[in-house]
There are 2 protein chains.
Amino acid sequence: MSSKIICSVDVVLLTLSNSSLKVALLERDHDPFRGVLALPGGFIHPDEDQDTEAAAARMLRDKAGIQSPYLEQLGTFSGRGRDPRGWSLSVSYYALVPGAVVQASERPGIVLHPADDVDWLPFDHAQIVRAALTRVRDKSSYSSLPVYLCGDTFTLPELQTVYEILLGEPINKVSFRRKMDELEILEPIPGAQKAGKAHRPAQLYRLRKQFRRKLSLTDRGINPG
Amino acid sequence: MSSKIICSVDVVLLTLSNSSLKVALLERDHDPFRGVLALPGGFIHPDEDQDTEAAAARMLRDKAGIQSPYLEQLGTFSGRGRDPRGWSLSVSYYALVPGAVVQASERPGIVLHPADDVDWLPFDHAQIVRAALTRVRDKSSYSSLPVYLCGDTFTLPELQTVYEILLGEPINKVSFRRKMDELEILEPIPGAQKAGKAHRPAQLYRLRKQFRRKLSLTDRGINPG
DNA sequence: TTTATTAGTTGCATGATGCAACTAAGTGAC
DNA sequence: GTCACTTAGTTGCATCATGCAACTAATAAA
């Protein structure tokens, strides 16, 4: 009576590389679409996964080697058309990860594809990516989301360009700094500056403790605290 | 290999009655929790439902007699603890419906419970209701959502009190009218006014065509166009 | 020491938001 | 009919947020 359904979890892993937003894709190692690039994902294992978010974290850990990024539920996509095997359901998440973490993940299979250039992907993964981009851009305009694309420490000019890449338009310097100040999520690192080529060095900042996430790279002690 | 999962759909049907926000509850007619008030919901039927949204619409139609309200996906809740039968997954939606439509739905089983007073419900339905309230209130502060709690026609003072009930605080009259003007979703109904007790009558408005939804009551021709 | 370059701040113009006080249009009391 | 009362809707102004231009600050290279 209680019809059971094939349920999977898919993750839109977003990162910055070469100053543009990329989505992480992996070659599928099972049919359907074996060998084709697709979002990291897989079936939910009720005996193993506490809930769908834990399942999404497992996908990232096993398939992309990434520990605990910013992870948020995007939505659930369902229907007969999305999988050639029949009616299915995918609970989708998106993750934000600093470029350095993805580069250091030592999983050679990961392909970073320009996030805005996704035209077709297996299942309805292209639609899921587009939904993730819309969500991230919407939230970026009024929240602190983009900081999770930066490393542990960053300067305000660096963070500003991250916002500008996401929003696709230049931001006023003063307004940006005022907003960051109001959000009260950053703290300057005492005495730490980042020197550039030949100009005044910029103050380094980090997320205040309650907003921090420990990413795999940090866990391995590669980045300074 | 592809472990299948028990999937249900639950709907948080919100409406206004006696100037306060209510959530629609129904007595369950199956175990577990037979006879206990819970959200309208049920198993997804892949052979019948195009997708989860169609399933949610079916729940509303069959269990609450309501045709096509504002319906939006809220999120997916999952895990071992939420259902005594074991690991399960619920794709949850919320619907906004004018009070008159619910009252006319002719399903005597519907109980309208104060939305903010929900302390315990079967499964994790209380948590789902709280998530819906948070979402609706967040969106209400910057969007046109609350109009879907009004009937087909309404005056601006009426709409303003709907916003005030949702947000729980008074709104400045001028600011409110400016905002409605900017949103460009309403149009005055030419020559139509609503007279009150002993004062100037208020202009009647309706949603502009592209934003309208045909609700069951409208379909039956009870409300004027 | 001068120049170039980026970091960060200050002051002001412009626009959005909120309040008080106004006018408008109806009913009922007398 | 006129006046009082009530709610609808508008106007003008004060206050706050946002954005721009121009400033100072700090470094390295010439």
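The values are calculated or read from the model by the stated rules, or taken from the named source; none is laboratory data. Bear in mind the structure is a predicted one, so any value in this text is a computation, not a measurement. Glycine gets a Cβ as well: all are built from the backbone with ideal geometry, and neighbour counts include every protein chain shown. What goes into the accessible areas is simple: the full protein's heavy atoms, side chains included, and nothing from ligands, DNA or RNA. Shrake-Rupley method; radii C 1.70, N 1.55, O 1.52, S 1.80 Å.
For segment B:40-53, indicate whether the set of residues that are part of a helix (DSSP H, G or I), buried (at least 18 other Cβ atoms within 10 Å of the Cβ) and within 14 Å of chain A (Cβ to nearest Cβ) is non-empty. Yes; the residues of segment B:40-53 include at least one that is part of a helix (DSSP H, G or I), buried (at least 18 other Cβ atoms within 10 Å of the Cβ) and within 14 Å of chain A (Cβ to nearest Cβ).
Does segment B:206-215 include one or more residues that are more than 18 Å from the chain's Cα centre (by Cα) and within 9 Å of DNA strand D (Cβ to nearest atom)? No, segment B:206-215 contains no residue that is more than 18 Å from the chain's Cα centre (by Cα) and within 9 Å of DNA strand D (Cβ to nearest atom). Would you check which residues across segment B:157-201 are open to solvent by less than 40 Å² (accessible area, probe 1.4 Å) and more than 14 Å from DNA strand C (Cβ to nearest atom) and list them? Across segment B:157-201, the qualifying residues are B:Leu159, B:Val162, B:Leu166, B:Ile185, B:Leu186, B:Ile189. Could you go through segment B:84-102 and let me know if any residue there is assigned to a loop (DSSP other than H, G, I, E, B), more than 13 Å from chain A (Cβ to nearest Cβ) and either surrounded by 18 or more Cβ atoms within 10 Å (Cβ to Cβ) or touching a residue at least 60 places away in the same chain (Cβ under 8 Å) (or both). Yes. Filter segment B:54-72 for residues that are within 14 Å of another protein chain (Cβ to nearest Cβ) and either assigned to a helix (DSSP H, G or I) or more than 22 Å from B:Val136 (Cβ to Cβ) (or both) and give the result. Matches in segment B:54-72: B:Ala54, B:Ala55, B:Ala56, B:Ala57, B:Arg58.
The residue pairs whose first member lies in segment B:147-174 and is within 18 Å of B:Ala202 (Cβ to Cβ) and part of a loop (DSSP other than H, G, I, E, B), whose second member is hydrophobic (A, V, I, L, M, F, W, C) and more than 12 Å from DNA strand C (Cβ to nearest atom), and whose beta carbons are closer than 7 Å, counting only pairs six or more residues apart or on different chains, are B:Cys150/B:Leu159; B:Cys150/B:Val162; B:Gly151/B:Ala100.
Here A:Ser141 fits the description: within 14 Å of another protein chain (Cβ to nearest Cβ), within 16 Å of DNA strand C (Cβ to nearest atom) and out of contact with any Pro (no Cβ under 6 Å at 6 or more places or on another chain).
Taken over segment A:108-118, the criterion of being open to solvent by 10 Å² or more (accessible area, probe 1.4 Å) and touching a residue at least 60 places away in the same chain (Cβ under 8 Å) is satisfied by A:Gly109, A:Ile110, A:Val111, A:Leu112, A:His113, A:Pro114, A:Asp116, A:Val118. Of everything in segment B:163-186 that is touching a Phe, Trp or Tyr at 6+ places or on another chain (Cβ under 8 Å) and within 13 Å of DNA strand D (Cβ to nearest atom), the residue that is farthest from the other protein chains (Cβ to nearest Cβ) is B:Leu186.
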